[in-house]
1. Starting with the highest mean, order 35-44, 62-71 by the number of other Cβ atoms within 10 Å, averaged over the residues of each peptide.
2. According to the Kirkwood expression over distinct Cα-Cα pairs, how big is the hydrodynamic radius of the range 3-76, in Å?
3. Among His81, His45, which comes first, then next, by fewest other beta-carbon atoms within 10 Å?
4. Placing unit charges on C-beta atoms (Lys and Arg positive, Asp and Glu negative, everything else neutral), compute the dipole magnitude of the range 3-76 about its Cα centre in debye, rounded to 20.
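A short reminder: the numbers here are calculations on the coordinates, not readings from a lab. Just so we're clear, the structure is a prediction, and the values are computed from it rather than from any experiment. All Cβ positions, even for glycine, are placed from backbone atoms using ideal geometry, and neighbour counts span all protein chains on display.
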Amino acid sequence: MTEEERAYNRAYQPRWRRRRRKWMKAELGGKCVDCGTTRHLEFDHDDRTTKAIPSNHLMTCSMARLRKEMPKLKLRCRRCHRIKTALENQGDVRAAVHAILGQDAEVNEPAYA
């Protein structure tokens, strides 16, 4: 591969990924399924046990594989994605509170008599 071809690929790849990401967001509704925001959207496998393609490979897999994976995906904003993941990880309420309020939030243990 020549230096000219490498330069073309370096310029082409980001544009191609942006187009794919834009298409995927439009196909999935364009907003967070939990809160409805359109900012800081991420692709989330609704049920991680059915995941055939890791999220970080969605931009580079074939369209045929992506079309099979799309029904398993939901759009969530960064905050809702963190909350959902924290709750899935054995109901970690502390992590969910930190996802909502930030890492500096103090979470007190409940006082039992």
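1. Going from most to least packed, we get 35-44, 62-71.
2. 13.4
3. Fewest to most other Cβ atoms nearby, the residues stand as His45, His81.
4. Dipole about the Cα centre, nearest 20: 160 debye.
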